[in-house]
1. Of all alpha-carbon pairs in the range A:221-341, indicate the percentage at a distance above 26 angstrom.
2. Taking 25 Å as R0, compute the FRET efficiency from the Cβ-Cβ separation of A:His94 and A:Leu428 and round it to 0.05.
3. Tell me, what is the FRET efficiency for A:His533 and A:Leu562 to the nearest 0.05, using R0 = 22 angstrom and their Cβ-Cβ distance as r?
4. Restricting to Cα pairs below 8 Å that are 6+ residues apart, what does the relative contact order work out to for the range A:357-512? Please round to a whole percent.
5. Along the Cα→Cβ direction, 7 angstrom out, place labels at A:Met42 and A:Leu514. What is the inter-label distance in nm?
6. What is the spin-label model distance, in nm, from B:Leu25 to A:Phe578 if the labels are put 7 Å beyond Cα along the C-beta direction?
7. Could you line up A:Ser172, A:Ser74 from fewest to most neighbouring Cβ atoms inside 10 Å?
8. What FRET efficiency comes out for A:Arg442 versus A:Gln405 if R0 is 51 angstrom and r is the Cβ-Cβ distance? Round to the nearest 0.05.
Amino acid sequence: MMPELAIVHPALLLLATAVLVAAVPWPAIRRLPLLMAPLTLMLLWLVQPGHNLVWLGLELHWLQPSALGRLFASAFVLALWGTSLYGLTSLRRHELAAAWGYAAGALIVCFSGDWLCLLCGWELMAVASTLIILSGRQPDSDKAGMRYLLIHLAGGVLLLSGVATLAASGQSLLFGPLTPATTAYWLILAGVLVNTGAPPLGFWVADAYPQASAAGMVILSALTTKTAVFVLLSAFAGEPLLIAIGLYLCLYGTLYALLADDLRRLLAYSIIHQVGFMVVAAGIGSPAAINGAAAQAFAHIAYKMTLVMAAGVLLQQLGQCRASTLPALARQLPLTSGCVLVAAAASLGLPLTAGFVSKTLLVGSAAASSWPWLETALLLSSAAVVFNAGIRFPALALFGAGPTQPQTVPPLTRLNGNVRLALLGSALLCLLPGWWPQLFCRLLPFAEPRQPYSLPAVLHQLQLVLIAGLVCLLSWPFLRPAAGYSLDWNTLFARLFQLWQRLLDSQRQLGRYLWQLLTSSQVRSFMFLFRTHGPHGILARSWPTGSLALWVALLLASYIVLYNLKTRSLWQFFCTSFGLGC
Amino acid sequence: MNRRLLLSCGLLTGALLFTVIELLLAKPAQGQPGAYLLLGLTGGALPVLLTLLLRPLLRRRENRHDA
């Protein structure tokens, strides 16, 4: 590669493609991303640190590649490639452009050398991903998109506040580990955690992702949460709070995936579950844990992409992917079924898959950490994968295990060549790191002394998965999916907003009542004056002269009486008035 | 029903077989043979129990759906 090209930011290629796809109306332009993705992939491994830019007196380190950043960026570009191929005919032009803009934002984050550049990429991702959700053509896409945007803008504001606090306190804006327990540290951490799906705002994952189009969800499932994990690994490694949050995510994802009926929602909860592993690893913070989390992120992107593509196939073929109504489609969709089984095996961490390598590294790092009980917690969580992506998803999606009665299989159309190719490519990506673990480990940010494959590791993983699979099978009749909806954090927020709305309504009603009271009292006083002084009022009547003289006499008399009372006693008054001589 | 029984037997046999191989060929995990069986059992049973306990609280069967 030319040396000049080695300092071109890979995100620029993606942004240029996004602009071209959005601006040029030729149908052939849709094929451009298929060419640009491998070019970007090549560039991001060759790119060197760029010259710093000075803007408004600030020195911007816009291109600072690191091993971790390159690995995450590679996974993102592969996901983008897969999405572009999968959605070659189904993605609309502006949706495709938004997907490329979204990936460009993710690459800006991965290669940024300071918090300001990172913030730019972060916000670009928020806006572009909202466009993808809004273009979803699902029943609730508009509302879910707005909720998603609100939550991500809130996260962005937290991040911006943190960066501003960092700058105001005179600390360096260079992207890297922050001084713990400072205001900037907590604000930035909170902003980043919003994107990982951490509580209490984590409901956005399952709320928004299923509202995207079939191809839109593929890219969404790969980028936002994993970019946040990248920032956690780079800047917050070793923060113990992350361990608690990660374990919560594992539990929350497992539990809600078991309750979900919509398969794409099940996969969204499964994403949260897997992100939990990576957040725990960020909490451990050792080089081995960072390696494990990076490997897990790569493997997760590969197998989740395959599963989301398969769910998208069902959505496009049947118009819905509600587990309680899906028939057994494995025979009608043999290629999709094969790819789903490969991805499920990778999610379970079976040997010869990417999941095995990543989980072995991750669990191994937990065993070597200061919290040895974490190994047990992660193994328990790993066994629980059978309830989402591992066994439950394939059984519900392809083998008709959801409905209590067998369902008739509707006629299906043949899958497009691009969809089949995308499915095959992503399934292959689930396998390659498992076949060549040494090569894969060389891409990790730190030198990995451990061998992922050993006889005990293989035997342990097989025991774990088989026995958890047995529990899953035995408990199946109790855990059949059913139509309905789950109460999540969003229900709590909806109640709080309803309460707030009710408070506002009551305040408005009180204001209206007070206004009415005021206006009615004014009207009443005017009416009283009108009654007395109006044309027919008592004071406006014509009075006879005699009556008037009587009233004047009475007034004078009362005045005399009052005057005398004031100056003399009542008795003296009577005496002088009536001449009693006393 | 028969298929589920067959699968269950297969899974159980497989798990026990790997435990035996572990006992014969490799060092038992965490100093205890079959520790991973117990972990798999707990990791599988815990979500089931939690879901059965919490489902009445967390799931509503109304004429409104997930998606």
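Every number here is computed from the coordinates shown, using simple stated rules; none is lab data. In this text the structure is predicted, and so the values were computed from the model without any measurement. Note that we place each Cβ from the backbone using ideal geometry, even for glycine, and neighbour counts take in every protein chain shown.
1. Numbers: 2057 of 7260 pairs.
Of all Cα-Cα distances in the range A:221-341, 28 percent exceed 26 Å.
2. On the way: r = 30 Å, r/R0 = 1.20.
That gives a FRET efficiency of 0.25.
3. On the way: r = 27 Å, r/R0 = 1.21.
Efficiency, rounded to the nearest 0.05: 0.25.
4. Details: 50 pairs, mean separation 44.6, N = 156.
Once divided by the residue count of the range A:357-512, the mean separation gives 29 percent.
5. Rounded to a tenth, the inter-label distance reads 7.2 nm.
6. 13.6 nm
7. On the way: A:Ser172 12, A:Ser74 19.
Taking fewest neighbouring Cβ atoms as first place, the list is A:Ser172, A:Ser74.
8. Plugging the Cβ-Cβ distance into 1/(1 + (r/R0)^6) gives 0.45.
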